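Right, one structure below, let's go through it.
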Ligand code: AMP
């Protein structure tokens, strides 16, 4: 499932056009065809994986290295000072294209990403337990 081809493979191969912004050995960036605001940019690994947690370290490192630079370019060109970086994983988390991608979405005069943030309260005992289990999971990985 993770390896299924998507429309982003066709963009990477040049089979369908896009407004390309950036390319290196591991990363490709282009304008989103349905922008939430002017300058809405998608940043993808060339590696074909559906979800962030499946990416190789090389792809992850390359994405991390270039994302701030791409954000700076979006801010410079749009004049925005605020923005969101969004990365959806799974259909229930609003992922429509099953190839890892980061959205860079500038906030421009109210346009941009709308967020619902129904915050709860972290119970201290639950927090201790969760943190312990997460640390243990990380030590195994
Ligand atoms: P997501 O919901 O995180 O999977 O977002 C997928 C994004 O891909 C959406 O914002 C779409 O507008 C964008 N998208 C889909 N097809 C294309 C395309 N051919 N060129 C550029 N962006 C696209």
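Any read-out appearing in this document is the output of simple, stated calculations on the displayed coordinates, not a laboratory observation. A quick note: this is a predicted structure, and the numbers were derived from the prediction, not measured. No Cβ is skipped: glycine too gets one built from the backbone with ideal geometry, and neighbour counts run over all protein chains shown.
Brief remarks follow.
- Near-label residues of region 20-42 by backbone N, under 12 Å of a point 7 Å along Cα→Cβ of residue 58: 25-27
- Of the peptides 119-127, 102-110, the ranking by mean beta-carbon count within 10 Å, highest at the top, reads 102-110, 119-127.
- P(r) tail, region 7-140: Cα-Cα pairs separated by more than 21 Å, 51% of all pairs.
- Rounded, prolate or oblate (a/c below 1.5 giving rounded, otherwise prolate when a/b exceeds b/c) for region 31-82 by Cα gyration tensor: oblate
- Extension gain from residue 82 to residue 65, taking 0.36 nm per residue of separation minus the Cα-Cα distance: 4.1 nm
- Helix 57-78 axis, angle to the chain major axis (alpha carbon atoms, nearest 10°): 60
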